[in-house]
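Undergrad: Below is the structure I would like to discuss, written out as structure tokens.
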Amino acid sequence: MANLFCVKDKVVIITGGAGILGRGIAGHLAEEGAKIVILDRAAEVGEQIVAGIKAKGGEASFFLTDVLNKEVLEQNKKDILAKYGRIDALLNAAGGNMAGATIGPDSTIFDLNIDAFRKVVDLNLFGTVLPTMVFADVMANQKEGAIVNFSSESALRPLTRVVGYGAAKAAISNLTKYLAGELAIKFGEG
């Protein structure tokens with residue numbers, strides 16, 4: 001359904017923007033008139049997405065990032081503000097899973113690779129917390145903005161095998177509810 005909400009001329013940052021979900025959302029929001037900022041570690045794919053959006057008359061930029069590195073994200077923020085002057089929305093789409101953070105049918109919780117579990121939690125949880133810390137202050141100062149955090153059905157109900165991913169996404173769901181109140185109470189309804 002077109003025009004469910006207006007994003008025309010809004011600056012929308014998408015972390016993990018070169019991923020499957022990020023690129024699909026970027027394309028749609030660009031068609032609706034948003035100025036898209038793709039943040040990802042996959043430079044070649046990110047640049048291809050930007051070129052595709054521009055070929056259709058949209059506005060988009062790519063910035064190489066690391067959602068687990070606050071200093072890199074701070075530089076991304078400076079570069080985005082230098083180019084667009086504002087940030088209207090942040091879509092935290094960076095995330096994923098890895099085999100070691102799962103429990104296969106022939107293994108148990110005691111076989112879990114804790115290093116892989118930690119990497120999945122870091123990417124999914126801290127890869128949302130850090131971009132939010134960096135970019136939300138711009139929206140708080142503007143007194144308006146939107147943050148969309150990508151969670152999963154596994155946050156609500158444990159799904160087979162994906163214990164690391166599910167734990168991280170449950171934390172994302174909780175964090176999102178917390179941030180809704182925190183930002184609205186301290187920085188205004190917008």
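The values are calculated or read from the model by the stated rules, or taken from the named source; none is laboratory data. Only a predicted model underlies this, so the values are computations on that prediction, with no experimental measurement involved. Glycine gets a Cβ as well: all are built from the backbone with ideal geometry, and neighbour counts include every protein chain shown.
Undergrad: Among the residues of the range 52-84, write down those that are more than 16 Å from residue 14 (Cβ to Cβ) and touching a residue at least 12 places away in the same chain (Cβ under 8 Å).
TA: Across the range 52-84, the qualifying residues are 56, 68, 69, 70, 74, 81.
Undergrad: Does residue 95 meet the test of being in contact (Cβ under 8 Å) with a residue 40 or more places away in the chain and closer than 14 Å to residue 17 by Cβ?
TA: Numbers: in contact (Cβ under 8 Å) with a residue 40 or more places away in the chain: yes; closer than 14 Å to residue 17 by Cβ: yes.
Criteria met by residue 95.
Undergrad: Now, a different point. If I go through the range 137-166 residue by residue, how many of them are part of a helix (DSSP H, G or I) and acidic (Asp, Glu)?
TA: Taking the range 137-166 first, the residues part of a helix (DSSP H, G or I) are 137-142, 153-155, 163-166.
Going one step further and asking which of them are acidic (Asp, Glu), we end up with 137, 153.
Number satisfying all stated conditions: 2.
Undergrad: Only one of (1) touching a strand residue (DSSP E or B) at 6+ places or on another chain (Cβ under 9 Å); (2) over 16 Å from residue 135 (Cβ atoms); (3) among the β-branched types (Val, Ile, Thr) fails for residue 20. Which number is that?
TA: (1)
Listed here are the residues, each with its yes/no results for (1) of a type in the set (Ser, Thr, Tyr); (2) buried (at least 16 other Cβ atoms within 10 Å of the Cβ); (3) in a loop (DSSP other than H, G, I, E, B).
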site	(1), (2), (3)
7	no, yes, yes
23	no, yes, no
29	no, yes, no
33	no, no, yes
44	no, no, no
48	no, no, no
67	no, yes, yes
71	no, no, no
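The rows are residues; the columns are (1) touching a helix residue (DSSP H, G or I) at 6+ places or on another chain (Cβ under 8 Å); (2) of a type in the set (Asp, Glu); (3) more than 22 Å from residue 19 (Cα to Cα); (4) surrounded by fewer than 17 Cβ atoms within 10 Å (Cβ to Cβ).
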{"site": "76", "(1), (2), (3), (4)": "yes, no, no, no"}
{"site": "82", "(1), (2), (3), (4)": "no, no, yes, yes"}
{"site": "102", "(1), (2), (3), (4)": "yes, no, no, no"}
{"site": "112", "(1), (2), (3), (4)": "yes, no, yes, yes"}
{"site": "120", "(1), (2), (3), (4)": "yes, no, no, no"}
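Undergrad: Can you tell me which residue among 186, 169 is at pLDDT 90 or above, part of a helix (DSSP H, G or I) and surrounded by fewer than 19 Cβ atoms within 10 Å (Cβ to Cβ)? First the steps, then the outcome.
TA: Values: 169 fails: surrounded by fewer than 19 Cβ atoms within 10 Å (Cβ to Cβ).
Criteria check complete, one pass: 186.
Undergrad: Which numbered condition trips up residue 86, out of (1) assigned to a loop (DSSP other than H, G, I, E, B); (2) basic (Lys, Arg); (3) over 25 Å from residue 40 (Cα atoms)?
TA: That leaves (3) as the condition not met.
Undergrad: Based on this model, can you work out whether residue 107 counts as modelled with pLDDT of 95 or more and either over 14 Å from the mean Cα position of the chain (by Cα) or more than 20 Å from residue 123 (Cβ to Cβ) (or both)?
TA: Working: modelled with pLDDT of 95 or more: no; either over 14 Å from the mean Cα position of the chain (by Cα) or more than 20 Å from residue 123 (Cβ to Cβ) (or both): yes.
Against the criterion (modelled with pLDDT of 95 or more and either over 14 Å from the mean Cα position of the chain (by Cα) or more than 20 Å from residue 123 (Cβ to Cβ) (or both)), residue 107 does not qualify.
Undergrad: If you check residue 128 against the conditions, is it crowded, with 19+ Cβ neighbours inside 10 Å, of a type outside the set (Lys, Arg) and in contact with a strand residue (DSSP E or B) (Cβ under 8 Å, 6 or more places away or on another chain)?
TA: On the way: crowded, with 19+ Cβ neighbours inside 10 Å: yes; of a type outside the set (Lys, Arg): yes; in contact with a strand residue (DSSP E or B) (Cβ under 8 Å, 6 or more places away or on another chain): yes.
Considered against the rule, which asks whether it is crowded, with 19+ Cβ neighbours inside 10 Å, of a type outside the set (Lys, Arg) and in contact with a strand residue (DSSP E or B) (Cβ under 8 Å, 6 or more places away or on another chain), residue 128 comes out as yes.
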